[in-house]
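Working notes, structure below.
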């Protein structure tokens, strides 16, 4: 981690045993959101991704959130020693009539709510899509203006949909964005799973330059999630990528359905409690939440992948034999340049898969065409930074020598952000 997290929260459980048990009966099917402009990663065009969930929070001021998309949790949270009581309805989570959801934390207790420490001192709101929507892989993003102040703890995150069966942390948790008030210019992205949860979560922080505070403006927080790889970004800038290689042999539990959560906590082990410097009420203002995923299926249709010098990823001479070289070549629209990025993590052309030779992980290992076999050598992630990454090697698809000549071989290499590792996938 980039900064110490003393007294980090032990876990972010559901608010009551009943909440957890209720999950055992929730469906795992996708609920299609209303059509909306796609907010896909720059590595794909709009045609390459399908919006599977979208809430733009349009509606009259004071209206509650769409119950077809969100459920509202109620109660307190002793596990983190948070101070708020999460309320139902639109009291602390409401539309503002200008296309935003506003989650408000207040110092109040109008309902004589009781918390783990006695009479509750604060109210706020927490929403999730459990039973309404889950996703496995894709881009999950929200544009938000976060609150400020000591003890204030906004979060945008996901939990494995099997939490009711396996519990936490075996369910897995993906924290897309967390901020604690004493770090106004820094947000954190973290993975939690068996053997790496709470203060031992695997993550990193991202800080704005020049002493800026996240509460001063809207920012877009996202993860790009594919088989065996998750990449975090803020405003399109990638700051972290995690693969099973980061877990030291512990179990990767992120290749299954997850649901989405938004909440604004007050106090807790990690942020500490509010004090005299904390202005209240505070608001988490959400412009939109969108989830998009690959629309292509393995082996189907496809389109070109262009890169250095505007040239295309090409199967040499259109060959289909195992081991045929994959190279850079003038874009010509032939079948040798039609690639399908599948939801299973493969990239396919001519009925075969883009493959790292012999499953190598060393810099300079060449890529080739090979029969699709489900191996890690044929798994690729396409994060927002326009890299094409082999998670097993934790290396990027790269043009050998940075040469844009026809026939330049493609290989894997440590990700550097250079132009010879940037790709645009189209369909």
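Can we say residue 272 is surrounded by fewer than 24 Cβ atoms within 10 Å (Cβ to Cβ), outside any strand (DSSP E or B) and free of Cβ contacts under 8 Å to residues at least 40 places away in the same chain? For residue 272, the condition - surrounded by fewer than 24 Cβ atoms within 10 Å (Cβ to Cβ), outside any strand (DSSP E or B) and free of Cβ contacts under 8 Å to residues at least 40 places away in the same chain - is not met. Inclusion of residue 404 among residues that are exposed (fewer than 14 other Cβ atoms within 10 Å of the Cβ), in contact (Cβ under 8 Å) with a residue 24 or more places away in the chain, within 16 Å of residue 309 (Cβ to Cβ) and not assigned by TED's automatic domain parsing to the domain that holds residue 221 is not warranted. For residue 341, the conditions (1) over 26 Å from residue 51 (Cα atoms); (2) touching a helix residue (DSSP H, G or I) at 6+ places or on another chain (Cβ under 8 Å) are fulfilled apart from (1).
Looking only at region 312-339, residues that are in contact (Cβ under 8 Å) with a residue 40 or more places away in the chain and buried (at least 22 other Cβ atoms within 10 Å of the Cβ) come to 6 in all. Comparison of 105, 130, 88 shows that the only residue that is part of a strand (DSSP E or B), in the same structural domain as residue 171 (by TED's automatic domain parsing) and touching a strand residue (DSSP E or B) at 6+ places or on another chain (Cβ under 9 Å) is 105. Here residue 23 meets each of (1) outside any loop (DSSP other than H, G, I, E, B); (2) at pLDDT 95 or above with one exception, condition (2). All conditions but one from (1) at pLDDT below 95; (2) in a strand (DSSP E or B) apply to residue 174; the one that does not is (1).
If the condition is being assigned to a strand (DSSP E or B) and free of Cβ contacts under 8 Å to residues at least 40 places away in the same chain, then region 374-396 contributes 390, 395, 396. Inside region 108-127, residues that are within 22 Å of residue 69 (Cβ to Cβ) and either in contact with a helix residue (DSSP H, G or I) (Cβ under 7 Å, 6 or more places away or on another chain) or in a loop (DSSP other than H, G, I, E, B) (or both) make up a count of 1.
So that you can scan it fast, the table gives a plain yes or no per residue for (1) closer than 26 Å to residue 377 by Cα; (2) surrounded by fewer than 16 Cβ atoms within 10 Å (Cβ to Cβ):
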{"residue": "219", "(1), (2)": "no, no"}
{"residue": "228", "(1), (2)": "yes, no"}
{"residue": "234", "(1), (2)": "no, no"}
{"residue": "250", "(1), (2)": "yes, yes"}
{"residue": "255", "(1), (2)": "yes, yes"}
{"residue": "258", "(1), (2)": "yes, no"}
{"residue": "265", "(1), (2)": "no, no"}
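Restricting 239, 269, 288 to residues that are outside the structural domain of residue 380 (by TED's automatic domain parsing) and more than 21 Å from residue 145 (Cα to Cα) narrows the list to 269. For region 188-266, the strands (runs of 3 or more DSSP E) that sit wholly inside it and include 1 or more residues that are touching a strand residue (DSSP E or B) at 6+ places or on another chain (Cβ under 6 Å) and without any contact (Cβ under 8 Å) to a residue 40 or more places away in the chain are 202-207. Determine whether residue 95 is touching a strand residue (DSSP E or B) at 6+ places or on another chain (Cβ under 8 Å) and either over 30 Å from residue 254 (Cβ atoms) or without any contact (Cβ under 8 Å) to a residue 12 or more places away in the chain (or both). So residue 95 passes the test.
The values are calculated or read from the model by the stated rules, or taken from the named source; none is laboratory data. Model, not experiment: these values are computed from the prediction. For neighbour counting, all protein chains shown are included, and Cβ atoms are generated from backbone atoms with ideal geometry for every residue, glycine included.
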